[in-house]
Amino acid sequence: MRGVAEGLQSVAATLWVGGMWAIGFIVAPALFATVPDRTLAGLLAGKLFSLMAWIGVLCAVCLIAFHLMRHRSVALRQAQFWLVIVMLVLVLVGEFGLQPAMAVLRQQALPLPVMDSALRGRFATLHGVASGFYVIQCVLGAALIILRGRIK
């Protein structure tokens, strides 16, 4: 049974981190490079980032649960455990803090696209913070994958 649990942890970590890298560094840039309407490209990218956030929450919960079951209280002293916790916090802040605030600005800017409105600066700031959090998650995800490969 331990082998199955380890395998599921590997799948969860790979799905989460690989998905973040694929959407953030391949799919979103491709959308903005090929979709002529930047507002539509942003909407599509936003939907994909939101989907990835939910996948991240699910994967994080699985990884935390597996880690606590296997290592019990020792888990609280392990870097791998805390990497997942920090990544989860960043996902939650992004999806339930920053994204709703950005959605409010988009709504307030109507009928204009937010980047053509007076709200552009506030939106760009929130977008920059969200992007920074995402990059930090990707770096922490790389550390998680590396640690998972080293610790058996």
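Computed from the coordinates by the stated procedures, all read-outs in this text should not be read as laboratory data. Here the structure is a predicted model, which means the values were calculated and not measured. Quick reminder, even Gly has a Cβ in these numbers, built from the backbone with ideal geometry, and neighbours come from all protein chains shown.
Before moving on, here are some points about what is shown:
- Exposure proxy for Cys62, Cys138: other Cβ atoms within 10 Å of each Cβ, ordered fewest to most, give Cys138, Cys62.
- The chain: radius of gyration over Cα atoms, expressed as a fraction of 2.2 N^0.38 Å: 1.19
- Per-residue ³J(HN,Hα) for the range 94-99, Karplus 6.51 cos²θ - 1.76 cosθ + 1.60, θ = phi - 60°, Hz, x for Gly and Pro: x, 6, 10, x, 6, 4
- When shorter helices are ignored and each DSSP H run of at least 4 residues is given -39500 (n - 2.57), the per-residue value for the chain at 222 nm works out to -27000 deg cm²/dmol.
- For His127, His67, order by how many other beta-carbon atoms lie within 10 Å, fewest first: His127, His67
- Crossing angle, helix 38-71 versus the chain [Cα axis fit, 0-90 degrees, rounded to tens]: 20
- A simple charge model with +1 on the Cβ of Lys and Arg, -1 on the Cβ of Asp and Glu and nothing else charged puts the dipole of the chain at about 500 debye relative to its Cα centre.
- Compared with the alpha-carbon gap, the fully stretched path from Met115 to Val93 is longer by 5.7 nm at 0.36 nm per residue.
- Lys/Arg +1, Asp/Glu -1 at C-beta; the range 2-150 dipole; positive extreme among Leu76, Gly18, Ile146: Leu76
- The chain: angle of helix 120-150 to the longest principal axis, Cα-based, in degrees nearest 10: 20
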